[in-house]
Amino acid sequence: MTEPRVPGAEDDDAWVDLPCGEQAHVKDFDLGMREYDCSCGETHAVVMDMHPPSRFVPEDIVAVLKEAVTPAPEDEFEEFGTPHLMGAVMEQLPEDIVAVDESENGSVGYALLWVTDLEARELHEVVVELVVELMDHAVSHADDSGTESEFEQQMQEFDVSEFVDSYRAQRDFDDEYDTPA
């Protein structure tokens, strides 16, 4: 005979080891969260798998990335998205980010969670820099040298910090749904 269980009790011991060395319970992270105020005194950026890539870059760039980037066949995600962006961040800053797979835990509302040692704005800059690098790499493979030189010219004028300030001002990051303002 099976023993009765309390729903959600199986995750009572589900903890996230944060990059700062502290721990937080998996239920401390809710769907609308973009930052976590940690007991270490710092604020950590929080990203979940269902957060759209447009959290970091405009929809038209996301559309180009989805069309241009083909995930590997063994990848469980069919199109380019936030997990790919966060994978790139993890490659760049492996000591500053923790990835948590809670796909088997139906009580938290997310499958993948990333908590960084960076604040949300710092993470935003890192993601934009990585997207620019990805675009630069793609343009370098273009058959049209004019496209490559035009892109390089535009990138010389592009200021990541200024872009992030402008993009964050256009979006309502205090709203739990992270919708354009």
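Brief remarks follow.
- Peptide packing: for 17-28, 77-88, the average count of neighbouring Cβ atoms within 10 Å per residue gives the ranking 77-88, 17-28, highest mean first.
- Simple spin-label estimate for E129 and E162 in nanometres, 7 Å along Cα-Cβ: 1.8
- Computed E for D17/H141 - FRET, C-beta separation, R0 35 angstrom, nearest 0.05: 0.35
- Computed label-point distance, nm, for sites E119 and A68 using a 7 Å Cα→Cβ extension: 3.1
Here, each number is a calculation from the coordinates, and none is a lab measurement. These numbers were taken from a predicted model, which means no experiment stands behind them. Methodologically, a virtual Cβ is constructed for each residue, glycine included, from the backbone with ideal geometry; neighbour enumeration extends over all protein chains shown.
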